[in-house]
Amino acid sequence: MNRLKWQSKLKERGDVRLTSTFKEQPLDDQQQEILEKYDSESRFRSFKNKWLVLIVTIIAVSFSLYHLITAFTGPPVYVLVHRALHVSAVLVLIFLLFPATKKASRQSLPWYDLLLALLSFPSTIYLFVNYTEIVTRGGLPTTPDVIFGTLLIVLVFEAGRRVTGWALPILAFLFVLYALFGRDLPGIFRHRGYDWDAISNQLFTTTEGILGTAIGVSATYIVLFILFGAFLAKTGMGQLFNDLALALTGHAKGGPAKVSVVASGFLGSINGSAIANVVTTGAFTIPLMKKIGYNKNFAGAVESSASVGGQILPPVMGAAAFIMAETLGVPYTDIVLIAILPALLFYIGILTQVHIRATKLNLSGIPRSELPRVIDVLKERGHLLLPIVFLIYMLFFSGTTVIFSAAWTIIVTIIVSFFRKSTRMSVKDFIDALENGARTTVSVAIACATVGIIVGIATITGFGLNLANAIVSIGGESLFLTLLFTMVACIVLGMGMPSIPAYIITATMAAPALVQLGIPPIVAHMFVFYFGIFANITPPVALAAFAAAGLSGGSPMRTGFMAMKLAIAGFIVPFMFVYNNEILMIGTTFMESFGVIITSIIGVVMLGIAAEGYIFGRLNIVFQILMAGGSLLFLHPALITDAIAVTILLAILLFQWFIRSKKKPPHSAEA
């Protein structure tokens, strides 16, 4: 059955709101309300005044075009000034687009926001005009330095509060207080103390503060990949992922849940926002999951856990992977390669539980006659996969830079869209993509700028090293205890925060503790990266799970705990690759790691079986514990532990199969 007939059939059944067009669709009122409730980054103004709309569009489009052009030509100014210009443009857009409070009007622009927008550029202009003098001064601030630095810091705080919420700016403010008064603290966190002149100079005129590595990555890699995602969305890539997932897995047991996992993984990798992914994909998949018999809390948990996992899935991995590569000084392609197997293990873990739950509840999939065929989907818009293939080629085989690769991929995406009428971009689509890319970038960029305050102060005060020493001290030189304490610290630090600042903060404060114990830096950063992201599905502040509950009608807390259960592999896999670097393909080839890959997959499947408590029938508590223990034995890369784990698995499988066969009535197979 072709796509349009299938859509019509679903409409008749009332399963989900679908349209007859393949282009990106605006969110409906319920989706928009849920998105804004749990994702402060989406609370844009919608002006009635056409001139204000035009001004915002011009600024946003100019912002995107500037970064796209400079990807080919290089920035026309000094790197520090380029970053400052990026921040200033972001601040202007924020004060124009984001109201100061939830109750403030979203249809008009108050005078004070116009003033704040106008004040967003003086610091950059000052830096541009006095750049040579500032550099030759060697870190000795003047009164104008302090004034313009203070102005930028205050604006970043306010813009960060509007976009990301209170958590990140409050944390940054506490660090400022720590820099000012840390001399009075007892113990290892005491430092010599800094006055405001030194602090503002550190945060404004150096690459160790607001204009540091994070904002540098935002002004180069991140903005381009967000633009890439915006152009893909306008061509209908989201619909392609949904259709392919439906065609491939919709007919299987619990098909809609598997569709949710596959589609959310692909989309999450590109758009990098777990909450936005939940709202857009979940509006389609959650009703289908509930329709075939999944519990509403489970349906929301599947969508939220799969959406969060998109940020650890290559090739794009949201945006934090670019910051990781820049921080570690390694090629971005290295990050992508080591992330492949852990991400696959995470999704295998979710799919295992989804399949077992469907088997346990005897849930069928969607009849094949009501699903699109793979060949039809590929004929209609399979060409949209070409930009992703081109991107992979450019990143891994062309020898060009990531920036150049991303810029050319955007051009290729535009060209490829013209291959079919249904995906062809109009001039309006082109402008919308540029504007949407800028709107999405501002939330990432201001988070990077705000977290730059934290990183800058942690650098001058030595806070990161002191915290690392404290974690190691509490762990008592025990690697496992240190990993455990680091995991908890990362989850707490990541609660209520977007993934990028969560990663930067945990990488600054927690990763050094692991490095002190001899763990390779890239492994340590991957470890904290995972747990900073999974804070989005870890109660009590599980924003992605809460958003999914809003769509499913389930309990937010129950959905959160169920999402944690579904994502249990994601909580275990980081420990696995710390103890066994071969899972990350470090210092080894694929063939040499083949055995580790197989045992890791078996371990994750065992973990899923233990979590669901079912295989060929219900597992008793003893077998669940044995199955979970067997999966954990794969943490230790040794032949004896692998042999014990496999023995446990085979013994339980044979016993469960034997019990089920004894319960079957005679000739049941023929019946």
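Brief remarks on what is shown
- Here is the figure for the range 425-482: residues that are of a type in the set (A, V, I, L, M), touching a Lys or Arg at 6+ places or on another chain (Cβ under 9 Å) and open to solvent by 40 Å² or more (accessible area, probe 1.4 Å) total 0.
- Residue ID - least open to solvent (accessible area, probe 1.4 Å), chosen from residues in the range 531-551 that are closer than 12 Å to GLY300 by Cα and more than 17 Å from the chain's Cα centre (by Cα): ALA549
- Scan the range 127-154 for residues that are out of contact with any Phe, Trp or Tyr (no Cβ under 8 Å at 6 or more places or on another chain), open to solvent by less than 60 Å² (accessible area, probe 1.4 Å) and assigned to a helix (DSSP H, G or I) and the total you get is 2.
- Counted residues, the range 161-220 - those being in a loop (DSSP other than H, G, I, E, B), open to solvent by less than 30 Å² (accessible area, probe 1.4 Å) and not aliphatic (A, V, I, L, M): 6
- From the options GLY560, GLY554, GLY587, residue that is open to solvent by 50 Å² or more (accessible area, probe 1.4 Å), out of contact with any Leu (no Cβ under 8 Å at 6 or more places or on another chain) and small (Gly, Ala, Ser): GLY587
- Of the residues making up the range 655-669, not a single one is at pLDDT below 85, buried (at least 19 other Cβ atoms within 10 Å of the Cβ) and either in contact with a strand residue (DSSP E or B) (Cβ under 6 Å, 6 or more places away or on another chain) or in a helix (DSSP H, G or I) (or both).
- Subset tally (residues that are more than 17 Å from ILE222 (Cβ to Cβ), part of a loop (DSSP other than H, G, I, E, B) and open to solvent by 20 Å² or more (accessible area, probe 1.4 Å)) for the range 43-80: 10
- Residue within the range 613-630 that is within 17 Å of ALA339 (Cα to Cα), surrounded by 14 or more Cβ atoms within 10 Å (Cβ to Cβ) and at pLDDT 90 or above present: no
- Among the candidates ILE275, ILE286, residue that is β-branched (Val, Ile, Thr) and in contact with a Phe, Trp or Tyr (Cβ under 6 Å, 6 or more places away or on another chain): ILE275
- Evaluating THR249 against the criteria (1) of a type in the set (Val, Ile, Thr); (2) under 30 Å from PHE298 (Cα atoms); (3) touching a Leu at 6+ places or on another chain (Cβ under 6 Å) leaves one unmet condition, (3).
- Count - residues of the range 83-126 that are among the aromatic types (Phe, Trp, Tyr) and either touching a Cys at 6+ places or on another chain (Cβ under 9 Å) or open to solvent by 20 Å² or more (accessible area, probe 1.4 Å) (or both): 4
- The lone exception for THR486 - which of (1) farther than 21 Å from VAL217 by Cβ; (2) surrounded by fewer than 20 Cβ atoms within 10 Å (Cβ to Cβ) it fails: (2)
- Failed item, numbered, when THR409 is tested on (1) at pLDDT 90 or above; (2) over 20 Å from the mean Cα position of the chain (by Cα); (3) within 27 Å of GLY603 (Cα to Cα): (3)
- Listing of helices (runs of 4 or more DSSP H) fully contained in the range 438-520 that carry 3 or more residues being of a type outside the set (Ser, Thr, Tyr) and over 17 Å from ALA325 (Cα atoms): 463-475, 479-494, 511-516
- Taking the criterion of being in contact (Cβ under 8 Å) with a residue 40 or more places away in the chain and within 17 Å of LEU115 (Cα to Cα), the residues of the range 125-159 that qualify are PHE148, THR150, LEU152, ILE153, LEU155, VAL156, PHE157, GLU158, ALA159.
- Search result, residues across the range 245-272 that are among the small types (Gly, Ala, Ser), under 16 Å from the mean Cα position of the chain (by Cα) and either open to solvent by less than 10 Å² (accessible area, probe 1.4 Å) or within 17 Å of GLY550 (Cα to Cα) (or both): ALA263, SER264, GLY265, GLY268, SER269
- Search result, residues across the range 495-523 that are at negative phi and open to solvent by 20 Å² or more (accessible area, probe 1.4 Å): MET495, PRO498, THR508, PRO512, VAL515, GLN516, LEU517, PRO520, PRO521, ILE522
- Residue check for PHE616: out of contact with any Asp or Glu (no Cβ under 7 Å at 6 or more places or on another chain) and either over 26 Å from MET585 (Cα atoms) or in contact (Cβ under 8 Å) with a residue 40 or more places away in the chain (or both): yes
- Within the range 555-581, being closer than 16 Å to ILE275 by Cβ and either at pLDDT below 90 or assigned to a helix (DSSP H, G or I) (or both) holds for PRO556, THR559, GLY560, ALA563.
- Scoring ILE414 on the criteria (1) β-branched (Val, Ile, Thr); (2) in a loop (DSSP other than H, G, I, E, B); (3) open to solvent by 30 Å² or more (accessible area, probe 1.4 Å) leaves a single failure, condition (2).
- Count of the range 597-608 residues, restricted to those that are in contact (Cβ under 8 Å) with a residue 60 or more places away in the chain and either open to solvent by 10 Å² or more (accessible area, probe 1.4 Å) or within 10 Å of ALA569 (Cα to Cα) (or both), is 6.
The values are calculated or read from the model by the stated rules, or taken from the named source; none is laboratory data. Quick caveat: nothing in here was measured; it's all calculated off a predicted structure. Neighbour counts run over all protein chains shown; Cβ positions are idealised from the backbone, glycine included. The protein model used for the area step is the full one, side chains on, heavy atoms only, and it has no ligands, DNA or RNA in it. Shrake-Rupley method; radii C 1.70, N 1.55, O 1.52, S 1.80 Å.
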